[in-house]
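Quick notes on the structure that follows.
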Amino acid sequence: MTSRTPGSTHPAVRLESVVKTFGGVRAVDGLDLTVEQAQVVALLGPNGAGKTTTVEMCEGFVSPDSGSVRVLGLDPVADTGEVRGRIGVMLQGGGAYPGSRAGEMLDLVAAYSADPLDPAWLLRSLGLEDARRTPYRRLSGGQQQRLSLACALVGRPELVFLDEPTAGLDAQARLMVWELIDALRRDGVSVLLTTHLMDEAEELADQLVIIDHGSIVASGTPAEVTRRGSEGQLRLVAPAGLDIKPLEASLPDGFRVTVPTPGTYLVEGPIDPKVVAAVTAWCADLGALICDIRVDQRSLEDVFLELTGRELRG
């Protein structure tokens, strides 16, 4: 896949001190965000954190109350025509006409581009060739997702916004989308994606941005985000329900052993080879097979829950 050559050295996306309020509630509260060219940035946050509003401002559908939003160096509201011709937008709801056939919908979107990708090739690449003549409303949820992705890419965009790109996809289709996103980055396309899948964010993103209540609570590379605050920690994945009391008794004073989630055991304290040996000996005594063991690193899910809380949100 070949993208257009970016015409400037501007970041693909730059938000500075952006505020957006709805009915007295600040959906976005002083947000600063940058997506560099040929970079994949994953925007993470619980429901109601401000992700959708942030992306909609980048796409030009919503204007900020204050602050600056620039997309490819342009104002996405004032310069909407030029911006729309250079970006691709994948909506989780699909955005297609319910009665249109898959091939017709993609052909229509391609017709708006001066130099589109071959729609037939794109359908084959996304496993939709056999569904070309199927009405949109009769496509499976996964097929609708892939058609939405095809519509976002057919115009050879410089920047793509992806909203939950693998929601509802099976393992094979999900891997295919991951490979496609990686190919976009190699071709110089910038990607801003939202996802609730932590493994997807870690696999795809150059940078992670976690927002809550409209503000950034953490950002950095996946390694940087998961490493923060984890010094002096050993994390073990083993069968759930193991008795941690013998482990606690075998460790020096000052160590703490907890079970953050079933099957995950956290040892906090100065980690050295003797501590690692004590942990493995504890598992051996219980006849428990260690599935994973890490020092000085938390999972992205642990970090996310610590920063945003564990309560469900509407």
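The values are calculated or read from the model by the stated rules, or taken from the named source; none is laboratory data. Computed from a prediction, not measured in an experiment: that's the story for all the values here. When we count neighbours, we look across all protein chains shown, and the Cβ atoms used for this are built from the backbone with ideal geometry, even at glycine.
Pick out, from segment 160-244, the strands (runs of 3 or more DSSP E) lying fully within it that include 1 or more residues that are in the same structural domain as residue 139 (by TED's automatic domain parsing) and at pLDDT 95 or above. Answer list for segment 160-244: 190-194, 207-212, 215-220.
Candidates 247, 307: the one that is in a helix (DSSP H, G or I), touching a residue at least 12 places away in the same chain (Cβ under 8 Å), within 25 Å of residue 162 (Cα to Cα) and out of contact with any Leu (no Cβ under 8 Å at 6 or more places or on another chain) is 307. For segment 68-101, filtered to residues that are at pLDDT 95 or above and small (Gly, Ala, Ser), the residue that is surrounded by the most Cβ atoms within 10 Å (Cβ to Cβ) is 88.
Total residues in segment 154-169 satisfying the condition of being closer than 23 Å to residue 44 by Cβ and either surrounded by fewer than 23 Cβ atoms within 10 Å (Cβ to Cβ) or not aromatic (Phe, Trp, Tyr) (or both): the figure is 11. Look at segment 20-47: where a residue is of a type in the set (Gly, Ala, Ser) and a partner is surrounded by fewer than 18 Cβ atoms within 10 Å (Cβ to Cβ) and part of a strand (DSSP E or B), sitting 6+ places away or on another chain with Cβ atoms under 7 Å, you get 27/21; 30/17; 30/19; 30/215.
Taking the criterion of being surrounded by 21 or more Cβ atoms within 10 Å (Cβ to Cβ) and small (Gly, Ala, Ser), would at least one residue in segment 123-143 satisfy it? Scanning segment 123-143 turns up at least one residue that is surrounded by 21 or more Cβ atoms within 10 Å (Cβ to Cβ) and small (Gly, Ala, Ser).
When every residue of segment 287-296 is checked against the conditions, none turns out to be touching a helix residue (DSSP H, G or I) at 6+ places or on another chain (Cβ under 6 Å), in a loop (DSSP other than H, G, I, E, B) and closer than 24 Å to residue 43 by Cα. Would you confirm whether any residue within segment 172-183 is closer than 21 Å to residue 70 by Cβ and under 14 Å from the mean Cα position of the chain (by Cα)? No, segment 172-183 contains no residue that is closer than 21 Å to residue 70 by Cβ and under 14 Å from the mean Cα position of the chain (by Cα).
Filter segment 120-136 down to residues that are in contact (Cβ under 8 Å) with a residue 24 or more places away in the chain and among the aliphatic types (A, V, I, L, M) and give me whichever is farthest from residue 170 (Cα to Cα). Top of the filtered list is 122. Just to be sure before I move on: is residue 155 more than 11 Å from the chain's Cα centre (by Cα) and under 30 Å from residue 21 (Cα atoms) in the structure I sent? Considered against the rule, which asks whether it is more than 11 Å from the chain's Cα centre (by Cα) and under 30 Å from residue 21 (Cα atoms), residue 155 comes out as no. If the condition is being part of a strand (DSSP E or B) and not basic (Lys, Arg), then segment 26-41 contributes 27, 28, 29, 30, 31, 32, 33, 34, 35, 40, 41. Of the listed requirements (1) at pLDDT 95 or above; (2) at positive phi, residue 309 misses just one: (1).
Answer yes or no: is there a residue in segment 279-297 that is crowded, with 17+ Cβ neighbours inside 10 Å, in contact with a Leu (Cβ under 9 Å, 6 or more places away or on another chain), within 30 Å of residue 166 (Cα to Cα) and among the aromatic types (Phe, Trp, Tyr). There is no residue in segment 279-297 that is crowded, with 17+ Cβ neighbours inside 10 Å, in contact with a Leu (Cβ under 9 Å, 6 or more places away or on another chain), within 30 Å of residue 166 (Cα to Cα) and among the aromatic types (Phe, Trp, Tyr).
Of the residues in segment 276-297, at least one is touching an Asp or Glu at 6+ places or on another chain (Cβ under 9 Å) and not hydrophobic (A, V, I, L, M, F, W, C). Cβ separations smaller than 8 Å between residues 6+ apart or across chains give the following pairs from segment 101-113 residues that are assigned by TED's automatic domain parsing to the domain that holds residue 129 to residues that are of a type in the set (Ser, Thr, Tyr) and crowded, with 17+ Cβ neighbours inside 10 Å: 101/136; 102/136; 105/136. If you go through segment 200-211 and keep only what is surrounded by fewer than 19 Cβ atoms within 10 Å (Cβ to Cβ) and touching a residue at least 40 places away in the same chain (Cβ under 8 Å), you end up with 202, 206.
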